[in-house]
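Structure first, commentary second.
The values are calculated or read from the model by the stated rules, or taken from the named source; none is laboratory data. Nothing here was measured: the structure is a model prediction, and the numbers come from that model. Here the Cβ is made from the backbone with ideal geometry for all residues, glycine too, and neighbour counts use every protein chain on show.
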């Protein structure tokens, strides 16, 4: 392999776009496949149009063990040989590229739209076999298992609870699930398309609502990028507040998830308590900025709000109370035989599969894989205050639940520590014009896992392209794999144990 | 036994709403108060709004459309509170879209359903929730109404799994094109008479997703909406207040 196929990137710094290597497709393809086989993984892979009617494919690879990032690019016109057959991690990315830019990844094993929208370049025909405009989610050809005793179950897009829409197609033999195909796209709002040419006054609000339950994490990833592109420095205090907000977001969602898991198996005590305590965590975020989801808190240059002495005391007090309540509610789970019987061995996912698919977040850590942006690619306060990575080996619903519990405890300890020394300086700052013709990558460990934002600027310092990869983008396929050979009645439990974002995937 | 002791530890938590007013955080951005006076820099304030919720009246006075507002507080910062100030008032819901436009005058909050509809729904309102492009913040804070603190069930309101069992729809999100058909079908499956409730800026107007090719401009684009609950997302108390106003169950204390 040519050593110049990849350009190393320092996380949190910019690279001039002209320095990104552009090998021809055969070299690019071979190098990426080889790099992934060596243990790297794809954190982002996307296309954007160039002046001469071609599409530039840009890939960002991460090596967790070395904490290193590297990038490469190549130009394609109408079609290229798909990477997916030799690199399963590319599966969803290549379908996205095909849908957005009408570029055919030839030989892709399952080439279908993932969001059901028209190609971005106006007037261009889709490259999908159905031709014309895609019919829409829920109306497509699905993977089918033939056989007299095989039956098909269709669920959604409108589900039974207060939950976002998506379509699930099961191929079943009795109760047993042979195969689950997950088809999303219902929530597609066109965020990435509207981020182009930004940042403008709407940009931060698109980012904050990309996945509304991960407002803080997405806003942090965005701010890291704009701060890198404008060489802005933020104060220690702003870093601390951002870190606290990120962990509060994790605490609220992890607590809610443990409650919801209990609810799905009919264990009402933990379900009721955690449902309420989740609100206590959200209200702590509202203490910081007035909004339970952290809207308006994280802004380029720092945070829009500070926390005074009284606020710190108040937060520390509430932290103690919520910790006691959460511990009491959650420990009931592990002490109750009927709960453990339902959690253990359900929806098991092997480390090998999870690794090959490039899963992220608690889902991958529950398979015993140590992968956490806060440790591998730390930014902000996490460069100074490490949170130990929580893992479990069994890869089942129990593991995904237990990893959440471990993370809850460590996030609480982290916040408590930070409140003792919240750092100094103004919390809010301004950023200047963005550096032109540059690229930057930002990784943040949201509560669901790794959030990756890539910004490409044009010659005026505007976004030529802004790519968001929500953790759900990696993980939905993991859920499909975890369902193989399971009882269909366990789907709600397995689904909740991943608790993935529909809008974060559909953007 | 462990479960019983945990039950004692976790205590009784349901808040005595609406008899007691909810306690909202210091920095909470509730109902905006529009000054109504003529302002010199009104154009600049209008320009600062990310969703175009602000406009200038004939008298150079500001108007704020709560249906578009995402309560980001940018306008308040720019005018340093002289034209627009966000209060901590949580009651925001209205029955008519135009009542969401705030001027210097007092806002007209939602009136109850007529007598016949109240007889039908007043003591038992079953709703089917449909997320049509929502970001999961509105959805999450609707879900929260089922928790112990809010205990929605005590007001006779329940979210049900099937539209066939529902008296109406509660819609979130700007209504993406990819959800339009599903939303129409779900609405058709609800037996009449039925009501439609739009929760959040997206569902009321499209919010920041208004005028995207990928979305419609809220539930009102395809259905007649009976109750608008603004916010991004609305606080759970705001949603509960709206539902209770609709059913006429807030009593005279409010």
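Condition first: exposed (fewer than 15 other Cβ atoms within 10 Å of the Cβ), over 30 Å from residue A:335 (Cβ atoms) and within 13 Å of another protein chain (Cβ to nearest Cβ). Now tell me which residues in region B:1-48 satisfy that.
Answer for region B:1-48, where residues must be exposed (fewer than 15 other Cβ atoms within 10 Å of the Cβ), over 30 Å from residue A:335 (Cβ atoms) and within 13 Å of another protein chain (Cβ to nearest Cβ): B:23, B:26, B:44, B:47.
Just for region B:124-139: of the residues that are within 14 Å of chain A (Cβ to nearest Cβ) and in a strand (DSSP E or B), which one is surrounded by the fewest Cβ atoms within 10 Å (Cβ to Cβ)? Break it down stepwise before answering.
Initial filter on region B:124-139 (within 14 Å of chain A (Cβ to nearest Cβ)): B:126-139.
When the remaining residues are screened for being in a strand (DSSP E or B), the result is B:126-131.
Working: B:126: 17, B:127: 27, B:128: 25, B:129: 26, B:130: 27, B:131: 31.
Result: B:126.
Give the number of residues within region B:203-229 that are part of a loop (DSSP other than H, G, I, E, B), away from chain A (no Cβ under 14 Å) and in contact with a strand residue (DSSP E or B) (Cβ under 9 Å, 6 or more places away or on another chain).
First, the residues of region B:203-229 that are part of a loop (DSSP other than H, G, I, E, B): B:206, B:210-214, B:216-218, B:222-226.
Going one step further and asking which of them are away from chain A (no Cβ under 14 Å), we end up with B:222-226.
Those left that are additionally in contact with a strand residue (DSSP E or B) (Cβ under 9 Å, 6 or more places away or on another chain): B:223-226.
Counting residues in region B:203-229 that are part of a loop (DSSP other than H, G, I, E, B), away from chain A (no Cβ under 14 Å) and in contact with a strand residue (DSSP E or B) (Cβ under 9 Å, 6 or more places away or on another chain) gives 4.
Looking at region B:96-109, can you tell me whether even one residue there is closer than 21 Å to residue B:158 by Cα and outside the structural domain of residue B:42 (by TED's automatic domain parsing)? Before you say what the answer is, go through the steps one by one.
Let us first name the residues in region B:96-109 that are closer than 21 Å to residue B:158 by Cα, namely none.
Taking every residue of region B:96-109 in turn, none turns out to be closer than 21 Å to residue B:158 by Cα and outside the structural domain of residue B:42 (by TED's automatic domain parsing).
Of the residues B:233, B:191, B:174, only one is assigned to a loop (DSSP other than H, G, I, E, B), more than 22 Å from residue B:69 (Cβ to Cβ) and modelled with pLDDT of 95 or more; which? Break it down stepwise before answering.
Working: B:233 fails: more than 22 Å from residue B:69 (Cβ to Cβ); B:174 fails: more than 22 Å from residue B:69 (Cβ to Cβ).
After ruling out the rest, the residue left standing is B:191.
Across region A:427-442, what is the total count of residues that are within 28 Å of residue A:60 (Cβ to Cβ) and part of a loop (DSSP other than H, G, I, E, B)?
8
From the list B:181, B:250, B:240, pick out the single residue that is more than 14 Å from chain A (Cβ to nearest Cβ) and either without any contact (Cβ under 8 Å) to a residue 40 or more places away in the chain or closer than 22 Å to residue B:88 by Cα (or both). Step through it out loud before you land on a result.
On the way: B:181 fails: more than 14 Å from chain A (Cβ to nearest Cβ); B:240 fails: more than 14 Å from chain A (Cβ to nearest Cβ).
Residue meeting the stated conditions: B:250.
Kindly evaluate residue A:173 against the criterion of being more than 8 Å from every other protein chain (Cβ to nearest Cβ), over 20 Å from residue A:474 (Cβ atoms) and without any contact (Cβ under 8 Å) to a residue 40 or more places away in the chain. I'd like the intermediate steps shown before the answer.
Values: more than 8 Å from every other protein chain (Cβ to nearest Cβ): yes; over 20 Å from residue A:474 (Cβ atoms): yes; without any contact (Cβ under 8 Å) to a residue 40 or more places away in the chain: yes.
So residue A:173 passes the test.
Just checking, does region A:36-54 include any residue being part of a helix (DSSP H, G or I), in contact with a helix residue (DSSP H, G or I) (Cβ under 9 Å, 6 or more places away or on another chain) and within 24 Å of residue A:356 (Cβ to Cβ)?
Residues of region A:36-54 that are part of a helix (DSSP H, G or I), as a first pass: A:36-37.
Now drop any that are not in contact with a helix residue (DSSP H, G or I) (Cβ under 9 Å, 6 or more places away or on another chain), which leaves A:36-37.
Next cut, within 24 Å of residue A:356 (Cβ to Cβ) only: A:36-37.
The answer is yes; a qualifying residue exists.
Identify, by number, the condition in (1) part of a loop (DSSP other than H, G, I, E, B); (2) within 24 Å of residue B:200 (Cα to Cα); (3) at pLDDT below 95 that residue A:275 doesn't meet.
(1)
Here's the yes/no breakdown for (1) modelled with pLDDT of 95 or more; (2) surrounded by fewer than 24 Cβ atoms within 10 Å (Cβ to Cβ):
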{"site": "A:421", "(1), (2)": "no, yes"}
{"site": "A:440", "(1), (2)": "yes, no"}
{"site": "A:447", "(1), (2)": "yes, no"}
{"site": "A:463", "(1), (2)": "yes, yes"}
{"site": "A:467", "(1), (2)": "yes, yes"}
{"site": "A:470", "(1), (2)": "yes, no"}
{"site": "A:475", "(1), (2)": "yes, no"}
{"site": "A:500", "(1), (2)": "yes, no"}
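Taking region B:142-161 as the search range and keeping residues that are out of contact with any strand residue (DSSP E or B) (no Cβ under 9 Å at 6 or more places or on another chain) and touching a residue at least 24 places away in the same chain (Cβ under 8 Å), which one is farthest from the other protein chains (Cβ to nearest Cβ)?
If we filter region B:142-161 for residues that are out of contact with any strand residue (DSSP E or B) (no Cβ under 9 Å at 6 or more places or on another chain), which is where we start, we get B:144, B:147-151, B:153-154.
Retained after the next criterion (residues that are touching a residue at least 24 places away in the same chain (Cβ under 8 Å)): B:144, B:148-151, B:154.
Working: B:144: 6, B:148: 5, B:149: 6, B:150: 9, B:151: 10, B:154: 14 Å.
Out of the qualifying residues, it is B:154.
Select from region B:66-82 the residues that are surrounded by fewer than 22 Cβ atoms within 10 Å (Cβ to Cβ), assigned to a helix (DSSP H, G or I) and in contact with a helix residue (DSSP H, G or I) (Cβ under 6 Å, 6 or more places away or on another chain) and write down the one among them that is modelled with the lowest pLDDT.
B:78
Output the number of residues of region B:21-65 satisfying the condition of being touching a strand residue (DSSP E or B) at 6+ places or on another chain (Cβ under 9 Å), under 21 Å from residue A:293 (Cα atoms) and assigned to a loop (DSSP other than H, G, I, E, B). Even if it seems obvious, please write down each step before you answer.
Applying the first criterion (touching a strand residue (DSSP E or B) at 6+ places or on another chain (Cβ under 9 Å)) to region B:21-65 yields B:28-39, B:42-43, B:45-49, B:51-57, B:59-65.
Those still in the list that are under 21 Å from residue A:293 (Cα atoms) too: B:28-32, B:49, B:51.
If we keep only those that are assigned to a loop (DSSP other than H, G, I, E, B) too, we end up with B:28-31, B:49, B:51.
Of the residues in that region, 6 qualify.
Tell me whether region A:183-191 contains one or more residues that are more than 22 Å from residue A:301 (Cα to Cα), more than 10 Å from chain B (Cβ to nearest Cβ) and touching a strand residue (DSSP E or B) at 6+ places or on another chain (Cβ under 9 Å).
Let us first name the residues in region A:183-191 that are more than 22 Å from residue A:301 (Cα to Cα), namely A:183-191.
Now restrict to residues that are more than 10 Å from chain B (Cβ to nearest Cβ): A:183.
This time we only want the ones that are touching a strand residue (DSSP E or B) at 6+ places or on another chain (Cβ under 9 Å), so: A:183.
Yes.
Confirm whether residue B:109 is over 25 Å from residue A:209 (Cα atoms) and under 20 Å from the mean Cα position of the chain (by Cα).
Working: over 25 Å from residue A:209 (Cα atoms): yes; under 20 Å from the mean Cα position of the chain (by Cα): yes.
Against the criterion (over 25 Å from residue A:209 (Cα atoms) and under 20 Å from the mean Cα position of the chain (by Cα)), residue B:109 qualifies.
I'd like to know if region A:348-358 contains one or more residues that are surrounded by 24 or more Cβ atoms within 10 Å (Cβ to Cβ) and touching a strand residue (DSSP E or B) at 6+ places or on another chain (Cβ under 7 Å). Break it down stepwise before answering.
First pass over region A:348-358, keeping only residues surrounded by 24 or more Cβ atoms within 10 Å (Cβ to Cβ): A:349, A:354, A:358.
Now restrict to residues that are touching a strand residue (DSSP E or B) at 6+ places or on another chain (Cβ under 7 Å): A:358.
For region A:348-358, residues surrounded by 24 or more Cβ atoms within 10 Å (Cβ to Cβ) and touching a strand residue (DSSP E or B) at 6+ places or on another chain (Cβ under 7 Å): present.
Every residue, every condition in (1) free of Cβ contacts under 8 Å to residues at least 40 places away in the same chain; (2) in the same structural domain as residue A:263 (by TED's automatic domain parsing); (3) not in a loop (DSSP other than H, G, I, E, B), yes or no:
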{"site": "A:368", "(1), (2), (3)": "yes, yes, no"}
{"site": "A:375", "(1), (2), (3)": "yes, yes, yes"}
{"site": "A:386", "(1), (2), (3)": "yes, yes, no"}
{"site": "A:394", "(1), (2), (3)": "no, yes, no"}
{"site": "A:401", "(1), (2), (3)": "no, yes, yes"}
{"site": "A:407", "(1), (2), (3)": "no, yes, yes"}
{"site": "A:425", "(1), (2), (3)": "no, yes, no"}
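Quick check on residue A:352: is it within 21 Å of the chain's Cα centre (by Cα) and without any contact (Cβ under 8 Å) to a residue 24 or more places away in the chain? Write out each step before concluding.
Numbers: within 21 Å of the chain's Cα centre (by Cα): yes; without any contact (Cβ under 8 Å) to a residue 24 or more places away in the chain: yes.
Yes, satisfied.
Every residue in region A:297-313 that is at the interface with another protein chain (Cβ under 10 Å from one of its Cβ atoms), more than 21 Å from the chain's Cα centre (by Cα) and under 27 Å from residue B:139 (Cα atoms), please.
A:304, A:305
Which condition from (1) touching a helix residue (DSSP H, G or I) at 6+ places or on another chain (Cβ under 8 Å); (2) closer than 30 Å to residue A:116 by Cβ; (3) within 14 Å of another protein chain (Cβ to nearest Cβ) is the one that residue B:196 breaks?
Here residue B:196 meets the rest and fails (3).
Is there a residue in region A:241-260 that is without any contact (Cβ under 8 Å) to a residue 24 or more places away in the chain and either more than 21 Å from residue A:162 (Cβ to Cβ) or part of a helix (DSSP H, G or I) (or both)?
Step one: filter region A:241-260 for residues without any contact (Cβ under 8 Å) to a residue 24 or more places away in the chain, giving A:256.
Now restrict to residues that are either more than 21 Å from residue A:162 (Cβ to Cβ) or part of a helix (DSSP H, G or I) (or both): A:256.
Scanning region A:241-260, I find at least one residue that is without any contact (Cβ under 8 Å) to a residue 24 or more places away in the chain and either more than 21 Å from residue A:162 (Cβ to Cβ) or part of a helix (DSSP H, G or I) (or both), so the answer is yes.
Within region B:66-123, track down each residue that is in contact with a strand residue (DSSP E or B) (Cβ under 8 Å, 6 or more places away or on another chain) and within 14 Å of another protein chain (Cβ to nearest Cβ).
Within region B:66-123, B:69, B:71, B:73, B:75, B:76, B:85, B:86, B:87 qualify.
Select from region A:445-478 the residues that are under 19 Å from residue A:502 (Cα atoms) and part of a strand (DSSP E or B) and list them in ascending order.
Residues of region A:445-478 under 19 Å from residue A:502 (Cα atoms): A:445-453, A:467-478.
Once the filter is applied, which keeps residues that are under 19 Å from residue A:502 (Cα atoms) and part of a strand (DSSP E or B), region A:445-478 yields A:445, A:450, A:451, A:452, A:453, A:467, A:468, A:469.
Which of the residues spanning region B:124-139 are over 26 Å from residue B:52 (Cβ atoms) and out of contact with any strand residue (DSSP E or B) (no Cβ under 6 Å at 6 or more places or on another chain)?
Result: B:124, single match.
Looking at region B:201-224, which of its residues are more than 18 Å from residue A:190 (Cβ to Cβ) and crowded, with 24+ Cβ neighbours inside 10 Å?
In the first step, residues of region B:201-224 are kept if they are more than 18 Å from residue A:190 (Cβ to Cβ); the result is B:204, B:219-220, B:222-224.
Answer for region B:201-224, where residues must be more than 18 Å from residue A:190 (Cβ to Cβ) and crowded, with 24+ Cβ neighbours inside 10 Å: B:204, B:219.
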